[in-house]
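All remarks here apply to the structure that follows.
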Amino acid sequence: MSEVTLGTGTPRPAPAWRAVASLALFAAVAAALVGGADALTRARIRAIEAAALRATLAALVPADRHDNAIEADVVRLAVDGADRPLQPVYRARRGAVPVAAVYTTVVPEGYGGPITLLVAVTPDGTVLAVRTVAHTETPGIGDFIERDRSAWIELFAGRSLARPAPAGWQVRASGGEFDAVAGATVTSRAIVGGVRRVLEFQARAPEAAWTR
């Protein structure tokens, strides 16, 4: 009976551990690539957000009024109430002299949901400017609160709790002194109320933004 042997050129199957190792290496490389891309994306988003904040703060408090980096001079205060999250307050100074506190406030009464505002207030309680930084109001109707779409938000510049008197801090439809945009009374009322609450917060705690 003859004996049959395999030729030396016959391929042998690779050991199972090699296949597992190859898959593990591929998975590790893929994970590293995805993680690196995610980190780069998050870093880019943070950089864009930081640039947008600097631009907004520059619009609220002109550069010739202060000599510090406002975005870096920040404290967190209960602007929206003790039961709400602490919010950033950015401080503008000239030397050691306070120029303006830029309060972050989240107004819950928006028509489409919460509206986030930055409100710049001088130490004597006068509004320098207001900017909307986040909202979900109806496009084309409620987005008039964005400065690049409408000048309506400029109504608050130069206002204080004495100008108008407290009763005047309403839209005209409610007996106040602020015009509401047609078809967007709820949004208009929300912004007026949000700015008023910031002024009331500073009036209650005028030194809070400057004592930390």
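The values are calculated or read from the model by the stated rules, or taken from the named source; none is laboratory data. Since this is a predicted model, take the numbers as computed values, not measurements. With ideal geometry, Cβ positions are generated from the backbone for all residues, glycine too; neighbour counts draw on all protein chains shown. The accessibility values were calculated without ligands, DNA or RNA, using every heavy atom of the protein model including side chains. Shrake-Rupley method; radii C 1.70, N 1.55, O 1.52, S 1.80 Å.
Where does each of 77, 128 land when they are ordered by accessible area, with a 1.4 Å probe and the largest first?
Working: 77 5, 128 35 Å².
Heavy-atom accessible area, descending, gives 128, 77.
The Rg/Rh ratio for segment 32-127, using Cα coordinates for both the radius of gyration and the Kirkwood hydrodynamic radius, is 1.07. Net length available on complete extension from residue 134 to residue 106 is 9.2 nm, with 0.36 nm assigned per residue and the Cα-Cα distance removed. Residue 49 contributes an accessible area of around 110 Å² to the protein surface, as traced by a 1.4 Å probe with all chains present.
Multiplying the residue separation of residue 67 and residue 97 by 0.36 nm and removing their Cα-Cα distance gives an extension gain of 9.8 nm. Comparing 46, 76, 197 in a Gaussian network model of the chain, where Cα atoms under 10 Å apart are tied by springs, the biggest mean-square fluctuation is seen for 46.
Taking Rh as the Kirkwood radius computed over C-alpha pairs, what is the Stokes-Einstein D of segment 53-104 at 37 °C in a medium of viscosity 0.692 mPa s, expressed in µm² per second? Translational diffusion coefficient: 288 µm²/s. Taken along the Cα-to-beta-carbon direction at a fixed 7 Å, the label points for residue 148 and residue 186 span 2.7 nm. Once volume of the Cα convex hull per residue in Å³ is calculated for the structure shown, the corresponding label among (i) 179; (ii) 119; (iii) 242 turns out to be (iii).
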